[in-house]
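**Q** Right, I'll just put the structure down here and ask away after.
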Protein chains: 4
Amino acid sequence: MKSAPNPTFAQDVRRSFADQGALRLIGAELVLVEPGHCRIRVPYAETITQHHGFFHGGVVGMAADVAGGLAAMTLCEAGMEVLSVEYKINFLAPGRGVAIVAAGHVVRSGRTLLVTRMEVDAIDAAGHGTCCAVGQQTIMAVPRERMGR
Amino acid sequence: MKSAPNPTFAQDVRRSFADQGALRLIGAELVLVEPGHCRIRVPYAETITQHHGFFHGGVVGMAADVAGGLAAMTLCEAGMEVLSVEYKINFLAPGRGVAIVAAGHVVRSGRTLLVTRMEVDAIDAAGHGTCCAVGQQTIMAVPRERMGR
Amino acid sequence: MKSAPNPTFAQDVRRSFADQGALRLIGAELVLVEPGHCRIRVPYAETITQHHGFFHGGVVGMAADVAGGLAAMTLCEAGMEVLSVEYKINFLAPGRGVAIVAAGHVVRSGRTLLVTRMEVDAIDAAGHGTCCAVGQQTIMAVPRERMGR
Amino acid sequence: MKSAPNPTFAQDVRRSFADQGALRLIGAELVLVEPGHCRIRVPYAETITQHHGFFHGGVVGMAADVAGGLAAMTLCEAGMEVLSVEYKINFLAPGRGVAIVAAGHVVRSGRTLLVTRMEVDAIDAAGHGTCCAVGQQTIMAVPRERMGR
């Protein structure tokens, strides 16, 4: 496990997660926060499907993007927030099941730019996961007071 | 303007759009359907923001992905649906304003694989747009009866 | 046309191009340098083909990456060099013909991060071009003295 | 280890590798071929550097693209060849050292479309590797007789 330079990283990540309206909208839950890693769970709901009743690709992408960004945030200095510079996602299988779980992992941790990889699993009723998407992402760390300007 | 092999492409695209629960959830509207092109508008709502009150990157990504996919669908044969194989998005500026408009354009139209480019504009109160994201996407055309299996 | 903050941008881009051994290896020529835009031409040679005698995808990707990076460099301050943070490329058609021409265009010009889009045309014997690849790229501007460390 | 449907996959991959002029040009060697996995080594040479004497990003990208494509080919039916549909690469560190080694791994193996992930390590004089790039790629399997048309 990498070490986190910010001693309150877990609280800060949880607060950032809680502040995002769009995550409440899709019903996302933050299920793991560790230095360099983050996992988000989105239970099935009809409101987040595409036309065949599977998880919408946009929701899969959103979960992956957020999981990667928050994984990056765990390794940032205190007082920093994270911006997605870009991400890319490949869909491997339909997002079918009772939930999806998106995991983000930091593969490069620079002071300004971080790179993450993401995997999204579709979880069936028996709790078995099948990887339905993989992604790669660039994150920029920005001082909180400079965000949103 | 390219020609569409499916005479009912516009209806088919509109029905596909209407069937996607996740698009209702974010309040998306389909504002343009032409052969090779599609445009989606998402009005501002607190429910689709990130923690600074801007449009959530995941919503920007979802709008771009859908705009590209439906642009591709306009050039498919009748009876075909579209699957996102992958997409990539770069964020250029915060999604700030009264709405975002995501436009998808087909740049390669094969029988099975199509490639699109996307641009997302953030629209301010005066109606002026600023490009806040650009994307690139691979789409697979799949016979409707084979979808969701 | 955007304006370039560095008055010697064209010379600096040409020198950066000339210094790259790998570009000589593939026979690349710099055919356009304008603020925000750059174009590179690679004449056909057997040494840069794949197994069907077309331009190798890796060479197409390299030309696109370099064209985007140098387009970004035209808009950097004096004394800055450019690093590819990441790029993504979609192949639209075989790279078949007497040359390929890769064009890079800046779509976001920040002080540290720039975003470009690239198109690669395959040129036939009659001089007609067919787009064979499109790309998207993130570039970081770095002070020359900090490069290579 | 996955099982390969083509009993002569290793020979076929080696022949495909040997047929690519561009790979000889950069001095690439095929160092591992296993079902679902492939590894390519490129020894240092001045001819494949950028302007600071490191491995050129375009060469890193080419090695990654080829490693992913050949990894995909190991899982294709006999008589199939592989085309890169698209790839994306993030650069994590300068490509500095005596060689780079690009590894490709299949993460989705469909009959027509395969998805791979790639890692490129820069190897120092002591044989120690540092990951300098990660990538993600879509590959299409195409019957040999339809290639190059």
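**Q** Of the residues that sit in the stretch A:52-75 and are more than 10 Å from chain B (Cβ to nearest Cβ) and closer than 26 Å to B:Gly69 by Cα, which one is farthest from the chain's Cα centre (by Cα)?
**A** Here is the first cut: in the stretch A:52-75, the ones more than 10 Å from chain B (Cβ to nearest Cβ) are A:67-68, A:70-75.
Right, trim to closer than 26 Å to B:Gly69 by Cα and you get A:67-68.
Working: A:Ala67: 1, A:Gly68: 4 Å.
The qualifying residue farthest from the chain's Cα centre (by Cα) is A:Gly68.
**Q** If you don't mind, another one. Please tell me if D:Phe91 is within 12 Å of chain C (Cβ to nearest Cβ) and either farther than 24 Å from A:Asn90 by Cα or surrounded by fewer than 18 Cβ atoms within 10 Å (Cβ to Cβ) (or both).
**A** Numbers: within 12 Å of chain C (Cβ to nearest Cβ): yes; either farther than 24 Å from A:Asn90 by Cα or surrounded by fewer than 18 Cβ atoms within 10 Å (Cβ to Cβ) (or both): no.
No; evaluated as a whole, the condition is false for this residue.
**Q** List pairs: first in the stretch A:125-144 and more than 10 Å from every other protein chain (Cβ to nearest Cβ), second polar (S, T, N, Q), Cβ under 8 Å, 6+ apart or cross-chain?
**A** From residues that are more than 10 Å from every other protein chain (Cβ to nearest Cβ), the pairs are A:Ile139/A:Ser84; A:Ile139/A:Thr116; A:Ala141/A:Thr112.
**Q** Just checking, how many residues over the stretch C:1-33 are surrounded by 15 or more Cβ atoms within 10 Å (Cβ to Cβ) and among the acidic types (Asp, Glu)?
**A** Number satisfying all stated conditions: 1.
**Q** Just to be sure before I move on: is B:Gly95 modelled with pLDDT under 95 and either of a type in the set (S, T, N, Q) or assigned to a loop (DSSP other than H, G, I, E, B) (or both) in the structure I sent? Before you say what the answer is, go through the steps one by one.
**A** Values: modelled with pLDDT under 95: yes; either of a type in the set (S, T, N, Q) or assigned to a loop (DSSP other than H, G, I, E, B) (or both): yes.
Answer is yes for this residue.
**Q** Something else: List every residue pair whose Cβ atoms sit under 6 Å apart, with the two residues 6 or more apart in sequence or on different chains, where the first one lies in the stretch A:96-107 and is more than 30 Å from A:Ser3 (Cβ to Cβ) and the second, anywhere, is of a type in the set (Gly, Ala, Ser) and outside any strand (DSSP E or B).
**A** Close Cβ pairs satisfying both conditions: A:Val98/A:Ala125.
**Q** A follow-up question, please. Would you call C:Val85 at pLDDT 95 or above, at the interface with another protein chain (Cβ under 7 Å from one of its Cβ atoms) and in a strand (DSSP E or B)? Walk me through how you get there before you give the answer.
**A** Numbers: at pLDDT 95 or above: yes; at the interface with another protein chain (Cβ under 7 Å from one of its Cβ atoms): yes; in a strand (DSSP E or B): yes.
Yes, satisfied.
**Q** Please indicate, with yes or no, whether at least one residue in the stretch A:44-67 is crowded, with 20+ Cβ neighbours inside 10 Å, of a type outside the set (Ser, Thr, Tyr) and in a strand (DSSP E or B).
**A** Within the stretch A:44-67, one or more residues are crowded, with 20+ Cβ neighbours inside 10 Å, of a type outside the set (Ser, Thr, Tyr) and in a strand (DSSP E or B).
**Q** In addition: Consider A:Thr49 against the criteria (1) at pLDDT 95 or above; (2) facing chain B (nearest Cβ under 7 Å); (3) within 30 Å of B:Met80 (Cα to Cα): it satisfies all of them except one. Which criterion is unmet?
**A** It is condition (1) that A:Thr49 fails.
**Q** Only one of these is assigned to a strand (DSSP E or B) and touching a residue at least 12 places away in the same chain (Cβ under 8 Å): A:Val33, A:Val13. Name it. Before the answer, list the steps.
**A** Values: A:Val13 fails: assigned to a strand (DSSP E or B).
Just a single option satisfies the conditions, and that option is A:Val33.
**Q** Let me ask something additional. Any residue that is more than 20 Å from D:Met73 (Cα to Cα), out of contact with any Phe, Trp or Tyr (no Cβ under 9 Å at 6 or more places or on another chain) and either modelled with pLDDT under 95 or not acidic (Asp, Glu) (or both) - is there at least one of those in the stretch D:102-110?
**A** Quick first cut of the stretch D:102-110, residues more than 20 Å from D:Met73 (Cα to Cα) only: none.
Among the residues of the stretch D:102-110, not one is more than 20 Å from D:Met73 (Cα to Cα), out of contact with any Phe, Trp or Tyr (no Cβ under 9 Å at 6 or more places or on another chain) and either modelled with pLDDT under 95 or not acidic (Asp, Glu) (or both), which makes the answer no.
**Q** Check D:Gly58 against each of (1) modelled with pLDDT of 95 or more; (2) under 20 Å from C:Gln136 (Cα atoms) and name the one condition it does not meet.
**A** It is condition (1) that D:Gly58 fails.
**Q** Just name the residue that is farthest from the other protein chains (Cβ to nearest Cβ) out of those in the stretch A:106-124 that are over 15 Å from the mean Cα position of the chain (by Cα) and assigned to a strand (DSSP E or B).
**A** First, the residues of the stretch A:106-124 that are over 15 Å from the mean Cα position of the chain (by Cα): A:108-113, A:123-124.
Imposing the further condition that a residue be assigned to a strand (DSSP E or B) reduces the set to A:108-109, A:113, A:123.
Values: A:Arg108: 4, A:Ser109: 10, A:Leu113: 7, A:Ile123: 18 Å.
Per the criteria, the residue is A:Ile123.
**Q** If I go through the stretch C:16-29 residue by residue, how many of them are facing chain D (nearest Cβ under 8 Å), in contact with a strand residue (DSSP E or B) (Cβ under 7 Å, 6 or more places away or on another chain) and without any contact (Cβ under 8 Å) to a residue 24 or more places away in the chain?
**A** So the count comes out to 1.
**Q** In the set A:Ala78, A:Ala99, which member is within 18 Å of A:Asp12 (Cα to Cα), more than 14 Å from chain B (Cβ to nearest Cβ) and surrounded by fewer than 22 Cβ atoms within 10 Å (Cβ to Cβ)? Before the answer, list the steps.
**A** Numbers: A:Ala99 fails: within 18 Å of A:Asp12 (Cα to Cα).
The unique qualifying residue is A:Ala78.
The values are calculated or read from the model by the stated rules, or taken from the named source; none is laboratory data. Being a predicted model, the structure only gives us computed values, none of them experimental. FYI the Cβ positions are ideal-geometry reconstructions off the backbone, even for glycines, and counts take in every protein chain you see.
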